[in-house]
Amino acid sequence: MITINSMTTVVAIGGNSLIRSKERISFADQLATLKASCEPLVALVRQGERVVITHGNGPQVGFILLRSYLARNRLPEIPLDAANAQTQAEIGYMIQQVLGNLFLQAGISQPVVTVVTRVLVDKNDPAFSQPSKPVGPFYTRAEAVKLEQELGWTVKEDSGRGYRRMVASPLPQAVIELEEVRSLVNTGAVVIACGGGGIPVIRENGELKGVAAVIDKDLASALLANLLGAERMIITTAVDRVYLNYGRQDARPLEQISAGELREYQAQGHFPEGSMGPKIEAAIRFLAGGGREVLITDPEHLLAALEGRAGTRITE
C-alpha cells in the first residue's frame, strides 16, 4: 500500500470521454477508450495523493432511455433517477476494471471503489418550473404529444432535429453519501462517486425521494471536492485547454489564469452554457470554497498539465 499524503484531488471525467465517435459506442469500445482517461491517474496515486473520481453519464443515460422506449410495449418505463443509478454502477465498474488493471501492471496495491451516490437538491429550485435539459431519444411530434399526455413529461422541439424530453437541472446542495466517501478515501481507496452529477433526491415529508432531473456533473464535482477539503480539481474534457473566442480564427488559449480574470471573461460571454460554461462555473465555485487550483485539459494532455506544460491552470 502506498503511503497517503495530505493532498486530495478530485478528477471529473467527461461522459463523452468514453465515447469518441458515433461508430464506437459499445461497452467494449467505451472500456477501451476509458484507458486514456485512467492512465494519468496512476501517476497521481503513485505520488501518494488521495484521488476521488467523478464522471459524466449523459450518453449512457440516453442509451438506457432509448432501450426503455423501444421496449415500451414489453416493459415499464425506466425512471430517470433509476437510469442514473444504473449508469453510476456501470461506468464505476468500467473505471474499477481499467484503473485496477493499470494498478496491477504498475505494481500498485490500491483498492478502487464505486459509491452509488445521491445528491440533495431543493424541491423549490427554480429549475423545476422551467425544465430545459434535454434527455433521451428524439421523438416525432405525435409521439411527443402522447408522452406528455400519458407520462406527464415536458417534451419540446430540440434545434429542429425532433422532440425531446426536457427535465430540470437544479443546483446540488449536499452529497448524501459524503461520510461514506470520506471514510473510504481516508483508508487509501480511490473512490468513484457522484457519477453523472449524482442521483437527484429531494426531502419530502421527512424522507428522500428520487426526482426526474439532471444535476450538472462539474458543479456536483466542485461541491464534493469542497466538502472533502480537496486542494485540487481536475476537469477532463474534449479540448486541450480553455480558449477565448473558441472556434474562431482569433481563438486564444488560456494557460494560467486567476479566478477573478476568469469571472471577467465569463461575464463577457466567452464560455457558452452548452459547452465550457459549467466547467468554468464549477472551477470558480471550487476555488471560492477553499480549493487551491483547477486544471482543465483533455485526457491525452493530463500528465503534461500536471507538470505545467499543457492545459489551463486556474488559481484564486
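Relative to its Kirkwood radius, the Cα radius of gyration of the chain gives an Rg/Rh of 0.96.
Phi angles of the range 37-42 translate, via the Karplus equation with coefficients 6.51, -1.76, 1.60 and θ = phi - 60°, into HN-Hα couplings of 7, 8, 3, x, 6, 4 Hz per residue; Gly and Pro are given as x. Taking amide H atoms as placed 1.01 Å from N in the peptide plane, the amide H of Glu231 lies under 5 Å from those of Thr8, each 5 or more residues away in sequence or on another chain. Each helix, a run of at least 4 DSSP H residues, gives -39500 (n - 2.57); summed and divided by the residues of the chain, these come to -12000 deg cm²/dmol at 222 nm.
Per-residue Karplus couplings for the range 114-131, computed as 6.51 cos²θ - 1.76 cosθ + 1.60 with θ equal to phi - 60°, are listed in order as 9, 10, 5, 10, 9, 10, 6, 10, 7, 5, 9, 4, x, 4, 5, 8, 9, x Hz, Gly and Pro entered as x. Backbone amide hydrogens, once placed in the peptide plane, bring Asp125 within less than 5 Å of nothing, excluding anything fewer than 5 places away on its chain.
What does the C-alpha gyration tensor say about the overall shape of the range 222-316? Classify as rounded when a/c is under 1.5, otherwise prolate if a/b is larger than b/c, or oblate. Taking the square roots of the gyration eigenvalues as a ≥ b ≥ c, the range 222-316 is oblate. If one takes the longest principal axis of the Cα atoms in the chain, at what angle in degrees, from 0 to 90 and to the nearest 10, does the Cα axis of helix 80-106 lie? Long axis of 80-106 versus the principal axis of the chain: about 30 degrees. FRET efficiency for the pair Asn205 and Asp125, taken as 1/(1 + (r/R0)^6) with r the Cβ-Cβ distance and R0 = 30 Å, rounds to 0.95. Model label points for Ser159 and Ala43, set 7 angstrom from Cα along the Cα-to-Cβ axis, are 3.3 nm apart.
Taking the 1.4 Å solvent-accessible surface of the chain as the whole, the part contributed by carbon and sulfur is 49%. Springs join every pair of Cα atoms under 10 Å in this Gaussian network model of the chain, and among Pro299, Pro76, Pro170 the largest mean-square fluctuation is at Pro76. A DSSP coil position with no more than 12 other Cβ atoms inside 10 Å describes the following trypsin sites (Lys or Arg not before Pro) in the range 148-207: Arg161.
Distant-in-sequence amide contacts of Thr154, defined by a placed amide H-H separation under 5 Å and a gap of 5 or more residues or a different chain, comprise Met166. Here the gap between Glu261 and Arg309, fully extended at 0.36 nm per residue and compared with their Cα-Cα distance, gives a gain of 15.2 nm. Expressed as an acute angle from 0 to 90° and rounded to the nearest 10, what is the orientation of the C-alpha long axis of helix 58-70 relative to the principal long axis of the chain? Taking the Cα atoms of the chain, the angle to 58-70 is about 30 degrees. Where is the GNM fluctuation largest for the chain (alpha-carbon springs, 10 angstrom cutoff): Gly107, Gly14, Gly247? In this elastic network of the chain, the residue with the biggest mean-square fluctuation among Gly107, Gly14, Gly247 is Gly247.
Among Asn124, Asn73, Asn101, the largest mean-square fluctuation in a Gaussian network model of the chain, built with springs joining Cα atoms closer than 10 Å, belongs to Asn73.
Pairs spanning more than 32 Å between alpha-carbon atoms, out of Lys22/Lys217; Lys209/Lys279; Lys22/Lys209; Lys35/Lys209; Lys35/Lys156; Lys35/Lys133: Lys22/Lys209; Lys35/Lys209; Lys35/Lys156.
Based on protein heavy atoms only, the chain ends up with 47 Å² per residue of surface accessible to a 1.4 Å probe.
The values are calculated or read from the model by the stated rules, or taken from the named source; none is laboratory data. Note that the coordinates shown come from a computational prediction; the quantities given were computed from them, not determined experimentally. We place every Cβ from the backbone using ideal geometry, glycine too, and count neighbours over all the protein chains shown. Accessible surface is based on the protein model in full, side chains and every heavy atom, while ligands, DNA and RNA are left aside. Shrake-Rupley method; radii C 1.70, N 1.55, O 1.52, S 1.80 Å.
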